[in-house]
Amino acid sequence: DGGITQSPKYLFRKEGQNVTLSCEQNLNHDAMYWYRQDPGQGLRLIYYSQIVNDFQKGDIAEGYSVSREKKESFPLTVTSAQKNPTAFYLCASSITGDNHEQYFGPGTRLTVT
Amino acid sequence: AQTVTQSQPEMSVQEAETVTLSCTYDTSESDYYLFWYKQPPSRQMILVIRQEAYKQQNATENRFSVNFQKAAKSFSLKISDSQLGDAAMYFCAYRSLYYTGTASKLTFGTGTRLQVTL
């Protein structure tokens, strides 16, 4: 089955620690996205990658970093510089090109205390 | 920058009835895409329906249809014959026609929680 996997589903960390969220896709999509979801808000773009070794900051990139060493993988690191890291994080991917929808992973709920 | 507004935080519908969820957006672009996504309690985002702005015909997918009013920048979702499985958060989203870079991102509204009652 093709799809996007995110692990783990729930993640707990202490304040001051960096944490990396996993996102893997086997859809052969070039474009990958990280979104953040907070209660009462829609999803907001953190980072975008169109191809391997290339990525661009989204609307709320401060305190986050990413890498794209393989086409299938787009991990997100939440650093200690992120002021309010507790949120639900969704990874998405799509074919690069007109009229292509984004497919979403199941998400990771990160709680930092 | 584009914005998407969903003014109904919560809606309720009886099973088998019809409900309409509202969405308005603001953009200076003439061509774009609009989407409705469903997020059930599992929190998986599921695409419900898509509308291309250059198409005058309203999109339909089985029990789901949209009323797209381009001049009014309105994009409502109608769910007919509502089922218990339709209970979820529904998000309206906008995407620019430009498909590269961060311009290809989705801009979401704040969502409408739909309850379906017996």
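The values are calculated or read from the model by the stated rules, or taken from the named source; none is laboratory data. All values derive from a computational prediction rather than experimental measurement. Cβ sites come from the backbone with ideal geometry, for glycine too, and all protein chains shown count toward neighbours. We work out accessible area using only protein heavy atoms, side chains counted, and drop any ligands, DNA or RNA first. Shrake-Rupley method; radii C 1.70, N 1.55, O 1.52, S 1.80 Å.
Structure summary
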quantity: Alpha-carbon centroids, region A:51-77 and region A:3-47: separation in whole Å; calculated: 10 Å
quantity: Relative contact order [Cα under 8 Å, 6+ residues apart], region A:1-88, whole percent; calculated: 29 percent
quantity: Probe 1.4 Å - accessible area at A:ILE46, Å² to nearest ten; calculated: 0 Å²
quantity: Student exercise, chain B dipole from Lys, Arg, Asp, Glu Cβ charges, in Debye to nearest 20; calculated: 240 debye
quantity: Which of A:ARG68, A:ARG109 is most accessible, then next, and so on - probe 1.4 Å; calculated: A:ARG109, A:ARG68
quantity: Length-normalised contact order of chain B in % [C-alpha pairs under 8 Å, at least 6 apart]; calculated: 36 percent
quantity: Accessible surface, 1.4 Å probe, highest first, among residues A:ARG44, B:ARG63; calculated: A:ARG44, B:ARG63
quantity: Globularity ratio of the protein assembly as shown, using Cα Rg and 2.2 N^0.38 Å; calculated: 1.01
quantity: Estimated FRET transfer efficiency when R0 is 30 angstrom, pair B:ASN67-A:GLN56 (beta carbons, to 0.05); calculated: 0.30
quantity: Shielding by partners - mean other protein chain Cβ count within 10 Å, residues of B:33-41; calculated: 2
quantity: GNM flexibility winner over chain B from B:TYR37, B:TYR25, B:TYR98 (Cα, springs under 10 Å); calculated: B:TYR98
quantity: Reach of B:LYS55 by Cα under 23 Å, taken over lysines that are not fewer than 8 positions away in the same chain; calculated: B:LYS38, B:LYS70, B:LYS73, B:LYS78, B:LYS105
quantity: Region B:1-47 shape via C-alpha gyration tensor axes, a/c threshold 1.5; calculated: prolate
quantity: Per-residue average of Cβ from other chains inside 10 Å of A:41-51; calculated: 5
quantity: Computed FRET value (nearest 0.05) for A:PHE88 with B:ASP31, which takes r as the C-beta separation and R₀ as 45 Å; calculated: 0.90
quantity: Chymotrypsin sites (Phe, Trp or Tyr not before Pro) within region B:49-81, DSSP loop, no more than 11 other Cβ atoms inside 10 Å; calculated: B:TYR54
quantity: Area projected by the alpha carbon convex hull of chain A, averaged over all directions, nm²; calculated: 6.9 nm²
quantity: Whole-Å semi-axes of region B:2-117's equivalent ellipsoid (Cα gyration tensor); calculated: 24, 15, 12
quantity: Label-point gap, in nm, between B:LYS55 and A:GLN17 - each point 7 angstrom along Cα→Cβ; calculated: 4.8 nm
quantity: Under 24 Å, Cα to Cα: Lys pairs in chain A, sequence gap 8 or more or different chains; calculated: 7
quantity: Sparsely packed GluC sites (Glu not before Pro) within region B:1-76, loop by DSSP, other Cβ within 10 Å at most 13; calculated: B:GLU15, B:GLU17, B:GLU29
